[in-house]
Amino acid sequence: MKAIVIGAGVIGAAVAYRLAEAGIDVTLVEAGRIAEGTSLTSFAWVSACEKIDSESYYRLSLAGVAAHCDLAAEFGAEGVWYRRPGVIQWLGAGYEGLALSESPLEQKLARLHALGYPAEIIGADDLSRIEPNLRPDALGIDGQAIHYPEDGYIEAPVMIAALVEAAVGRFGLELRTHAPVRRVLTANGRATGVETASGEILSADIVVNCAGCWANTVLGDPALEIPLAPTLGLIAYTPGTGTAVRKVLRTPRLNVRADGGGRLLLRANDLDETLGPDDVARPDHPAAVELARRLGELVPSLAGIGAEAARIATRPIPGGGLPCVGTIPGLDSYWVAVTHGGINTSAFIGIALRDEILQGRAAPEYAPYRPDRFFKAAA
Ligand SMILES: Cc1cc2nc3c(=O)[nH]c(=O)nc-3n(C[C@H](O)[C@H](O)[C@H](O)COP(=O)(O)OP(=O)(O)OC[C@H]3O[C@@H](n4cnc5c(N)ncnc54)[C@H](O)[C@@H]3O)c2cc1C
C-alpha cells in the first residue's frame, strides 16, 4: 500500500511515522521545510486538566498524554522533546483555546482528584520555594494556584525531526520538502494521489491531509473543505538568561516556560486578540514588547530584558472549535486531521489513524470529532 501524507508538522510527522513503521510505503510531502508550520510556534502544553467538563474531550486529551509518554519512552525522549517540569496555573489564568473547565477551584480540584489527575493547591510560600526568582507576591490576592506536577510540554520541532529521521532511516519513508501540494487527485469517489505545484503527479492508495490551517488549500475542491475558524497567536522569546523559571507558569497576564539555552517563551491570550492578518512578527511588535514587560513584572531580575525574537502562527481550528479527525463522506481513501491542541493529541492521532487506515477501526476517542459532522447537512 502506498500512502501520501501532506504536511510535516507535528501531526503529519506522527501519522507518517506510524504508517511507515507499520510497513506502508509512505511519502511525506511538505510545502517548505519540515516543522515550519504552526507546530513551530506553539506553547505546546501537554495535559488533560482543562478538559474535565467534557467527558469525551477529557478522554481524548488523556489518550494524547498517554501516547506522548509511550512515544517518548520508545525513543528514550523523556527530557529530550517531552519535558515534564510541572505546570502552575494561577486562578483566573486564561485558557489556550477552548475554555472547557471554568469551574471554581475547589470543584475543579475535587473533580481532578476523582479522575485521578495529579493536581494540588499551592500557596505563596510554596511558590517562593519552587520559583525563587518570582516576585514574592506573584500570586496576588488569591494567594493560591494549582500545581500539576506531571504536566509538561513538547519541543515540537525536535519531535518532528526525530520522527521523520527515524521513519526515513528505519522504514524507508520518502520525504519531499519544498513540494507544495496543489490539489488532491480523485477518481471514482476515491483519493488517488496529489499534484504538486510543479505539476508532478504522485500516485497513492491513500492520502492523509495533515496540512493544519492550510488543510483546505491543498484540496482543489471546495466540496471537500472543512469549515475553519483560525485565530492568530504570537510567541515572544527572550535572549538566554541566567534566571531560571523551572515550571510552566500560566498566570492571568502571561504564560511562560523555558525554551532551551536559558531562553524563555512568552505568550498571553489578551495580546493574541490584538493581532491582525497584516501584523509582522518582530521583537519590537507591541505584543512582544508588552510580553517582555509583563515578564519583568513577574520576575524582577528580568525587568528590561526585551524580546529577542517573535513569531506569529495561525491556530488550525475547525468551525465550532473541536477537533476534526477522520474520513469525509463520499471520498474513499482520504483522511484529514485538523485540530487545535494538536500538539497534545499528535502522538495519539498517529496511532488512531494508523489503526483506522489499516484495520478499519476508528478510535472511539474521536467518535464525537469526526469530519462527517460538517457534511451531514449536505448529504
Ligand atoms: C500561540 C499558540 C499556542 C498554542 N498552544 C498549544 C498548546 O499549549 N498545546 C497544544 O496542544 N496546542 C497548542 N497550539 C496548537 C498547536 O500548535 C497546533 O494544533 C499544532 O501545531 C498543529 O499541528 P499540525 O501538524 O496540524 O500543523 P502544522 O504544524 O502547521 O503543520 C502543517 C504543515 O503542512 C504544511 N503545508 C501547508 N500547505 C501545504 C501544501 N500545500 N503542501 C504540502 N504541505 C503543506 C505546512 O508547511 C506545515 O509544515 C498552539 C498554537 C498557537 C499558535
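In table form, for the structure just shown:
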item: Filter result (free of Cβ contacts under 8 Å to residues at least 60 places away in the same chain and surrounded by 13 or more Cβ atoms within 10 Å (Cβ to Cβ)) within the stretch 117-132; result: P118, E120, I121, I122, A124, D126, L127, S128
item: Test: residue in the stretch 62-81 that is closer than 26 Å to P252 by Cα, more than 9 Å from the ligand (Cβ to nearest atom) and modelled with pLDDT of 90 or more; result: yes
item: Residue in the stretch 148-158 that is out of contact with any Lys or Arg (no Cβ under 7 Å at 6 or more places or on another chain), more than 30 Å from I11 (Cα to Cα) and among the small types (G, A, S) present; result: no
item: Among the candidates T192, T177, residue that is farther than 30 Å from R293 by Cα, away from the ligand (no atom under 13 Å from the Cβ) and out of contact with any helix residue (DSSP H, G or I) (no Cβ under 8 Å at 6 or more places or on another chain); result: T192
item: Complete set of residues in the stretch 50-61 that are surrounded by 17 or more Cβ atoms within 10 Å (Cβ to Cβ), more than 12 Å from the ligand (Cβ to nearest atom) and assigned to a loop (DSSP other than H, G, I, E, B); result: I52
item: Considering residues of the stretch 315-326 that are crowded, with 18+ Cβ neighbours inside 10 Å and out of contact with any Lys or Arg (no Cβ under 6 Å at 6 or more places or on another chain) only, the residue nearest to T217 (Cα to Cα); result: P316
item: Some residue of the stretch 139-158 being assigned to a loop (DSSP other than H, G, I, E, B), at pLDDT below 95 and surrounded by fewer than 16 Cβ atoms within 10 Å (Cβ to Cβ); result: yes
item: Residues of the stretch 178-220 that turn out to be assigned to a strand (DSSP E or B) and free of Cβ contacts under 8 Å to residues at least 40 places away in the same chain, as a count; result: 6
item: Test set (1) at pLDDT below 95; (2) closer than 19 Å to F43 by Cα - A223 fails condition number; result: (2)
item: Test: residue in the stretch 33-40 that is of a type in the set (S, T, N, Q), out of contact with any Cys (no Cβ under 9 Å at 6 or more places or on another chain), within 12 Å of the ligand (Cβ to nearest atom) and under 28 Å from L254 (Cα atoms); result: yes
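The rows are residues; the columns are (1) modelled with pLDDT of 95 or more; (2) touching an Asp or Glu at 6+ places or on another chain (Cβ under 8 Å); (3) assigned to a strand (DSSP E or B); (4) not β-branched (V, I, T).
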| site | (1), (2), (3), (4) |
| --- | --- |
| I312 | yes, yes, yes, no |
| V336 | yes, no, yes, no |
| T345 | yes, no, no, no |
| G350 | yes, no, no, yes |
| L358 | yes, no, no, yes |
| A362 | yes, yes, no, yes |
| A377 | no, no, no, yes |
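Residue by residue, here is whether (1) within 22 Å of L232 (Cα to Cα); (2) at pLDDT 95 or above; (3) assigned to a helix (DSSP H, G or I) holds:
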residue	(1), (2), (3)
V26	no, yes, no
A48	no, no, no
L98	yes, no, no
E102	no, no, no
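The values are calculated or read from the model by the stated rules, or taken from the named source; none is laboratory data. Bear in mind that the values here come from a model prediction, so they are computed numbers and not experimental data. Quick reminder, even Gly has a Cβ in these numbers, built from the backbone with ideal geometry, and neighbours come from all protein chains shown.
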